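Enquirer: First the structure, then my questions, so here it is.
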Amino acid sequence: ETLTRDPYVIYLARYFKGKVLEQNSRSNDAQNEYRRAAAAWPNGQAATMSLAALLFRDGHRTEAHDLVGRMLAAGPTAFDPWREYVHADNRFWPQLIGRLRAEIRK
């Protein structure tokens, strides 16, 4: 996380850290990482839903409800890096192919 400024990568690093903390029964630390992930990528579904699930489980049901409500109200399903990370750098494909086409036209 400290080696990049890319919100996509920061979101994933924080999200995965939260998952590890959650699996190690460190709920409060996991919640903090999910919050940090959501700060890097607002309305990211994976981090928001993971945070909401922990909050709900820990009895903070109103906050969990509000989080999910805000995420859903943000409009059409927002792009979430978690859904696309398996494709690695394919997210750069439109820019790269555009540059290639521009070079070919020269």
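Enquirer: Got a number for residues in the range 38-52 being assigned to a helix (DSSP H, G or I) and either open to solvent by 40 Å² or more (accessible area, probe 1.4 Å) or at positive phi (or both)?
Expert: Of the residues in that region, 2 qualify.
Enquirer: On to the next question. Going through E1, E33 one at a time, which residue ends up being assigned to a helix (DSSP H, G or I), over 8 Å from the mean Cα position of the chain (by Cα), farther than 18 Å from A74 by Cβ and free of Cβ contacts under 8 Å to residues at least 40 places away in the same chain?
Expert: E33
Enquirer: Out of everything in the range 47-66 that is of a type in the set (S, T, Y) and under 18 Å from A37 (Cβ atoms), what residue ends up being modelled with the lowest pLDDT?
Expert: Checking each candidate, the answer is T48.
Enquirer: If you don't mind, there's one more thing I want to ask. Of (1) under 26 Å from D89 (Cβ atoms); (2) surrounded by 20 or more Cβ atoms within 10 Å (Cβ to Cβ); (3) more than 9 Å from the chain's Cα centre (by Cα); (4) of a type in the set (A, V, I, L, M, F, W, C), L55 satisfies all except one. Which?
Expert: In the conditions (1) under 26 Å from D89 (Cβ atoms); (2) surrounded by 20 or more Cβ atoms within 10 Å (Cβ to Cβ); (3) more than 9 Å from the chain's Cα centre (by Cα); (4) of a type in the set (A, V, I, L, M, F, W, C), L55 misses (1) alone.
The values are calculated or read from the model by the stated rules, or taken from the named source; none is laboratory data. Just so it is clear, the structure is predicted and the values come from calculations on it, not from any experiment. Using ideal geometry, Cβ is built from the backbone for each residue, glycine included, and neighbour counts are taken over all protein chains shown. Areas reflect the complete protein model, heavy atoms only, side chains present, ligands, DNA and RNA absent. Shrake-Rupley method; radii C 1.70, N 1.55, O 1.52, S 1.80 Å.
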